[in-house]
Amino acid sequence: MKIIKFILGILRIIIVFPILIIVIILGMVFPKLYAALLRFFDLIFAPYNIKTLLKGKTAKARAGAAYSLGAANHQRAVLPLIEALKDEDESVRIQAAFSLSILADKRAIPALELMRDNDKGTSMGYDAQYVATQAIEAINEGIRKPVTVHGVAKSVEGE
């Protein structure tokens, strides 16, 4: 059984590595095609990221899924990200707010306002209330950009 797993692992490497090289070369030669391929793969992995966001076993996995969904600009992830604002781990809530600021969907504003008003702690140098406030402002202005980490760190230091 171990030998079969080892052989399958080697085959995976032999097959996947050349494909990755080809995709990278295509990205350099044909940037629009490369962007389309990335969007395609994002669509394939979006359901997995949404599932991880909502049911992931570790906070790190849930926060990573929140980041991926925002970075890939998945509009269908808005409702799961809103749900993630209620996560027990602050890093997940903060990353969900970051991602919602990118998606700029007004449905997130009530949940972000609740986070802004009720989230008291800080973690990893991020102030959850500040992130929520900045995300609300970005959504209201239709900016579609993430709250900057630099700005968050600056806010925490100033308080």
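Return yes when Arg12 is at pLDDT 85 or above and of a type in the set (Lys, Arg) and no when it is not. The answer is no for Arg12. Residue-level check: of (1) in contact with a strand residue (DSSP E or B) (Cβ under 6 Å, 6 or more places away or on another chain); (2) among the hydroxyl-bearing types (Ser, Thr, Tyr); (3) surrounded by 21 or more Cβ atoms within 10 Å (Cβ to Cβ), Ser101 misses just (1). Has the range 77-100 got at least one residue that is under 30 Å from Ile19 (Cα atoms) and not in a helix (DSSP H, G or I)? No; the residues of the range 77-100 include none that is under 30 Å from Ile19 (Cα atoms) and not in a helix (DSSP H, G or I).
Matching residues to (1) under 22 Å from Leu54 (Cα atoms); (2) among the aromatic types (Phe, Trp, Tyr); (3) part of a helix (DSSP H, G or I); (4) at pLDDT 90 or above:
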{"site": "Leu112", "(1), (2), (3), (4)": "yes, no, yes, yes"}
{"site": "Lys120", "(1), (2), (3), (4)": "no, no, no, no"}
{"site": "Tyr130", "(1), (2), (3), (4)": "no, yes, yes, no"}
{"site": "Gln134", "(1), (2), (3), (4)": "no, no, yes, no"}
{"site": "Arg144", "(1), (2), (3), (4)": "no, no, no, no"}
{"site": "Gly151", "(1), (2), (3), (4)": "no, no, yes, no"}
{"site": "Val156", "(1), (2), (3), (4)": "no, no, yes, no"}
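Tallying residues that are under 19 Å from Glu137 (Cα atoms), more than 11 Å from the chain's Cα centre (by Cα) and modelled with pLDDT under 90 within the range 73-92 yields 1. Kindly establish whether Gly70 is in a helix (DSSP H, G or I), surrounded by 15 or more Cβ atoms within 10 Å (Cβ to Cβ), small (Gly, Ala, Ser) and at pLDDT below 90. Yes.
The values are calculated or read from the model by the stated rules, or taken from the named source; none is laboratory data. The shown structure was predicted, so the numbers you read here are calculated from the model rather than taken from an experiment. No Cβ is skipped: glycine too gets one built from the backbone with ideal geometry, and neighbour counts run over all protein chains shown.
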